[in-house]
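Rule-based calculations on the coordinates, nothing more; no lab input. Everything numeric here is computed off the predicted structure, so don't read it as measured data. Counting neighbours? That spans all protein chains shown, and the Cβs are built from the backbone with ideal geometry, glycine included.
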Amino acid sequence: MEKETDMQDFVMTIYIKADPLVVWDAITGDEGNRAVMWGSVLRGDLVPGGHFEYVGPGVGGDETVHVYGDVVQADPGDILRLIEHPGPLYRENHAELASRMTWRLEQAAIGLTKLTFTNDEWSPGHPSHADTVESWPMVLSSLKSWIETGEAIPPIDPS
């Protein structure tokens with residue numbers, strides 16, 4: 001059994017050559033999500049108490065729910081905080097498994113955003129926790145690339 005102390009927070013800060021609202025639109029909009037989240041889009045009401053889903057191609061077809069949950073905070077150009085659960089097709093006990101994702105955007109200079117992403121508050125023994133060390137740096141790097149160049153980085157096959 002994995003100890004709760006083993007559930008390390010994931011925190012990564014990057015700088016993106018764009019204004020915070022541009023970065024916000026890439027994080028929350030269909031075009032940015034499709035490019036960075038392997039064809040998935042963010043659906044739902046981005047208001048506190050709202051619900052969301054990342055939906056796209058996957059094990060259940062084109063409308064696979066990869067992750068779903070609740071919106072804790074959503075201030076465009078400033079912060080997006082979500083409580084997420086793995087999609088029902090991925091884990092039988094999906095409703096019991098949760099973590100918190102926070103995108104904090106700060107104007108670092110004119111045309112420059114400091115993005116600090118945190119994935120924390122993991123439910124004990126969450127099986128997806130180990131994947132975050134590899135997956136989030138790739139997603140965040142791809143987001144930066146897509147915003148700055150119009151091209152996301154391709155998924156990397158770890159084998």
Note the per residue figure in Å³ for the convex hull of the C-alpha positions in the chain. 113 Å³
For region 1-67, what value does the Rg/Rh ratio take when both radii are computed over Cα atoms and Rh is the Kirkwood radius, given to two decimals? 1.07
GluC sites (Glu not before Pro) within region 22-123, DSSP loop, no more than 16 other Cβ atoms inside 10 Å: GLU92, GLU121
Rg and Dmax of region 70-159, using alpha carbons, in Å: what are they? 15.0, 47
Just the C-alpha atoms of region 52-117: what Rg/Rh do they give, with Rh taken as the Kirkwood radius? 1.11
